[in-house]
1. In the stretch 68-84, which residue that is part of a loop (DSSP other than H, G, I, E, B), under 18 Å from Trp40 (Cβ atoms) and not charged (D, E, K, R) is least open to solvent (accessible area, probe 1.4 Å)?
2. Only residues in the stretch 157-171 that are at pLDDT 90 or above count as the first member; pair them with residues that are not β-branched (Val, Ile, Thr), Cβ under 6 angstrom, at least 6 apart or cross-chain, and list the lot.
3. From the residues in the stretch 120-142 that are of a type in the set (Val, Ile, Thr) and loosely packed, with under 15 Cβ neighbours inside 10 Å, which one is farthest from Leu167 (Cα to Cα)?
4. Working carefully through the options Thr170, Thr119, Thr128, Thr154, find the one that is in a helix (DSSP H, G or I) and β-branched (Val, Ile, Thr).
5. Take the residues of the stretch 99-119 that are over 17 Å from Arg158 (Cβ atoms) and not basic (Lys, Arg): which is surrounded by the most Cβ atoms within 10 Å (Cβ to Cβ)?
6. Taking the stated definitions as given, is Met153 surrounded by 13 or more Cβ atoms within 10 Å (Cβ to Cβ), at pLDDT 95 or above and closer than 30 Å to Asp185 by Cβ?
7. Could you go through the stretch 39-61 and let me know if any residue there is closer than 23 Å to Leu187 by Cα, in contact with a His (Cβ under 9 Å, 6 or more places away or on another chain) and open to solvent by 30 Å² or more (accessible area, probe 1.4 Å).
8. Could you please tell me which pairs satisfy a Cβ distance under 8 Å, a separation of 6+ or placement on different chains, a first residue in the stretch 75-95 that is on the phi < 0 side of the Ramachandran plot and polar (S, T, N, Q), and a second residue that is surrounded by 12 or more Cβ atoms within 10 Å (Cβ to Cβ) and part of a strand (DSSP E or B)?
Amino acid sequence: MLQSTHTPSFIRNPTGLRDHPALVLNADFRPLSYLPLSLWPWQEAIKAAILDRVMVLAEYDTVVHSPTVEIRIPSVVVLRDYVRPARTSAFTRFNLFLRDEFTCQYCGAKDHLTFDHVTPRSKGGRTTWENVVASCGPCNLHKGSKTLRQAGMTLRRRPLRPSPEELRNTGRKFPPNHLHESWMDYLYWDAELEA
């Protein structure tokens with residue numbers, strides 16, 4: 001099969017200006033969140049810099065133009081005002097998967113994840129941090145509306161409500177697909193150093 005070196009005009013350029021996100025740090029120089037990583041589109045970062053809501057710490061080599069001004073696109077910005085982190089973790093599907101490290105809590109599979117009520121809802125189980133776990137499709141089907149004992153299954157670990165700090169620390173194990181080199185000094189500076 002012949003491969004064409006011609007790129008049709010309707011295919012978007014992946015290195016276009018829309019693909020220059022800015023890493024957003026809180027006033028204490030920590031990312032607002034690790035997973036998902038706190039990123040703003042370049043337009044928001046420039047707007048916040050012009051309005052003096054952020055300080056620009058690093059920039060891309062790429063520039064944008066207005067009729068009178070040329071601006072380098074920010075790659076790392078820090079908020080001027082501190083945003084207090086949440087005291088509790090939102091009970092969302094994403095945070096549930098993050099708590100369970102994107103792993104089935106019955107067999108350890110990492111594909112086809114859904115969630116399962118440990119004590120089935122049909123038997124009075126509630127939809128809470130302490131009763132819902134990440135589960136692969138096959139384990140979820142096998143367990144169905146049975147208890148763990150009835151299904152002959154065990155949990156890898158007991159489900160508990162995670163603190164926001166625990167979710168942040170777990171999120172560090174799953175870096176995003178794209179990490180610009182200018183972000184590296186700001187992502188893990190608060191991690192403990194190994195001896």
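1. Among residues in the stretch 68-84 that are part of a loop (DSSP other than H, G, I, E, B), under 18 Å from Trp40 (Cβ atoms) and not charged (D, E, K, R), the one least open to solvent (accessible area, probe 1.4 Å) is Val83.
2. Once the first residue is at pLDDT 90 or above and sits in the stretch 157-171, its partners that are not β-branched (Val, Ile, Thr) give Pro159/Glu130; Arg161/Trp129; Pro162/Ser89; Pro162/Arg99.
3. Filtering first and then ranking leaves Thr127.
4. Working: Thr119 fails: in a helix (DSSP H, G or I); Thr128 fails: in a helix (DSSP H, G or I); Thr154 fails: in a helix (DSSP H, G or I).
The match here is Thr170.
5. Leu113
6. The answer is no for Met153.
7. Among the residues of the stretch 39-61, at least one is closer than 23 Å to Leu187 by Cα, in contact with a His (Cβ under 9 Å, 6 or more places away or on another chain) and open to solvent by 30 Å² or more (accessible area, probe 1.4 Å), which makes the answer yes.
8. Close Cβ pairs (under 8 Å, with a partner that is surrounded by 12 or more Cβ atoms within 10 Å (Cβ to Cβ) and part of a strand (DSSP E or B)) amount to Ser75/Ala22; Ser75/Leu23; Ser75/Ala58; Ser75/Glu59; Ser75/Tyr60.
The values are calculated or read from the model by the stated rules, or taken from the named source; none is laboratory data. Nothing here was measured: the structure is a model prediction, and the numbers come from that model. Note that we place each Cβ from the backbone using ideal geometry, even for glycine, and neighbour counts take in every protein chain shown. Protein only, heavy atoms only, side chains kept; ligands, DNA and RNA dropped before computing areas. Shrake-Rupley method; radii C 1.70, N 1.55, O 1.52, S 1.80 Å.
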